[in-house]
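Participant: The following block contains the structure, expressed as C-alpha cells.
Here, each number is a calculation from the coordinates, and none is a lab measurement. Quick caveat, the model's predicted, so the values are computed rather than measured. Counting neighbours? That spans all protein chains shown, and the Cβs are built from the backbone with ideal geometry, glycine included.
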Amino acid sequence: MRFGIKRLFGVAAAALALGALAQPADAIELSKHPLDSVEVNAIQLKGKIDDGDTFDLQVYISKLPKKPSIVVYLNSPGGNLREGMRLGKFFFDNRIETVIETKTACSSACALAFLGGRDGDSGKPRRTKASNSGLGFHSFTREFDNKSYTADDLKTVVQMTQTQVFVVAEYLKSIGADMDIIRLMLRAQANQMNYISNDEALTLNIRVFDDKRNVMVDPADVMERLDRGHAATAAQPAGSATAKAEGKLQS
C-alpha cells in the first residue's frame, strides 16, 4: 500500500501531530567498533542524537586512517529529528553503510538516519538490521497547555504538521527511500514505538541478518527468486528447442 504526499498530509493533519518525543538525555558516543579491519573503518554510534552530531562524526572520521569502506553501527533511542535526517543524508552522500546489530535498537531519529546507508562501491542502498534487533518509528506529537484554543490555533498546528511531514517526505525522497516509511511512522501512537518486522524490513529494501540461521537475507535475492516471469522467459528457449526437435522426429 502506497500513500501520496497529499494523503499523507491529510492523515497527519487529522492526527494533529507535530515534533518528536522527548528522548533520553544520554549524549552520543563515537568509538571504534570491534569489527574494524584493514579494509573497513567500523564506527560505533551510540546514545541520543542531538544537534551537531553530524559535525562531530565528521571530525571523528577525519582522524581515521584512509580505508576503502566506512560502516556505522547504530545503537540509539533517537533524539533530534532534523539531526537524524542530517546524519542520514551524510551517510547517503558519502556512501556509508549502516548496521543495527543483534540485541540493539535504532529508533525515531536514529531510524531515519539508518535509512541513508549506501554501499561504498555500487552506491546502492546498504542498510542491514539483525533479525532480533529493533528498528522503530513513531508518529509526531505536540505538547498542549491546559487552556482553550481558537480555530486559528488549530489551523496553525495543522499547517506545522503538514510542514513536518513534508520535510520528512523530502528527506526520504532525497535518499531514495520508500515513502511507505511515512505510513509506518503514522501507524504508531506518538507515545509508542512501532518496531517493524523483518518482513517489512525486506519490503523496504533493508537487508536482514538472520541470527537464527546465521545467514544474510538480501531483498534483491528474494525478489529475484520471486520473479517467475523472468524464470519462465529463461526456460522458454529450452522448451522451444525441444518442441522443434519433437516436430522433426514426427516428420
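Participant: What FRET efficiency do you get for GLN192 and LYS212 if R0 is 35 Å and r is their Cβ-Cβ distance, rounded to the nearest 0.05?
Facilitator: On the way: r = 27 Å, r/R0 = 0.77.
So, using R0 = 35 Å, E works out to roughly 0.85.
Participant: Still on this model: Under 20 Å from the 7 Å Cα→Cβ point of ASP227, by amide nitrogen: which residues of segment 101-139?
Facilitator: Hits in segment 101-139 for ASP227 at 20 Å: 119, 122-127.
Participant: Per residue of segment 182-187, what does 6.51 cos²θ - 1.76 cosθ + 1.60 with θ = phi - 60° give for ³J(HN,Hα)? Whole Hz please, x for Gly and Pro, Karplus curve as stated.
Facilitator: 4, 4, 5, 5, 7, 5
Participant: What nm distance separates the two modelled labels at ASP121 and PHE55, each placed 7 Å from Cα along Cα→Cβ?
Facilitator: So the label points at ASP121 and PHE55 sit 3.6 nm apart.
Participant: So what's the net charge close to ARG207: Lys and Arg +1, Asp and Glu -1, counting the other residues with Cβ under 9 Å from its Cβ?
Facilitator: Net local charge, ARG207 excluded: +2.
Participant: First select every other residue whose beta carbon is under 13 angstrom from the beta carbon of ILE100; then total the charges, Lys and Arg +1, Asp and Glu -1. Please report the intermediate quantities before stating the final value.
Facilitator: Working: positive: LYS46, LYS103, ARG126, ARG127, LYS129, ARG207; negative: GLU97, GLU101, ASP211.
Around ILE100, the surrounding residues sum to +3.
Participant: A follow-up question, please. With Cβ to Cβ distances under 12 Å as the rule, what net charge do the other residues near LYS124 carry (K, R +1; D, E -1)? Each step should come with its number before you reach the end.
Facilitator: Details: positive: ARG95, ARG118, ARG126, ARG127, ARG207; negative: GLU97, ASP119, ASP121, ASP218.
Summing Lys and Arg as +1 and Asp and Glu as -1 gives +1.
Participant: Sort 38-45, 211-218 by packing, meaning the average of other beta carbons within 10 Å per residue, with the highest value first. List each step's numbers first, then the result.
Facilitator: On the way: 38-45: 17.1, 211-218: 11.1.
Result, highest mean Cβ count within 10 Å first: 38-45, 211-218.
Participant: Next question. Which ³J(HN,Hα) values, rounded to whole Hz and listed in residue order, are derived for segment 82-99 from phi using the Karplus coefficients 6.51, -1.76 and 1.60 in 6.51 cos²θ - 1.76 cosθ + 1.60 with θ = phi - 60°, glycine and proline given as x?
Facilitator: Values per residue, Gly and Pro as x: 5, 5, x, 5, 5, 4, x, 5, 5, 4, 5, 5, 10, 6, 9, 7, 10, 9 Hz.
Participant: Next up: Structure shown: which of LYS103/LYS124; LYS48/LYS155; LYS63/LYS212; LYS129/LYS173; LYS32/LYS103; LYS46/LYS66 lie over 30 Å apart, alpha-carbon to alpha-carbon? All intermediate terms of the calculation are to be shown ahead of the outcome.
Facilitator: On the way: LYS103/LYS124 26 Å; LYS48/LYS155 32 Å; LYS63/LYS212 37 Å; LYS129/LYS173 21 Å; LYS32/LYS103 19 Å; LYS46/LYS66 23 Å.
Correct reply: LYS48/LYS155; LYS63/LYS212.
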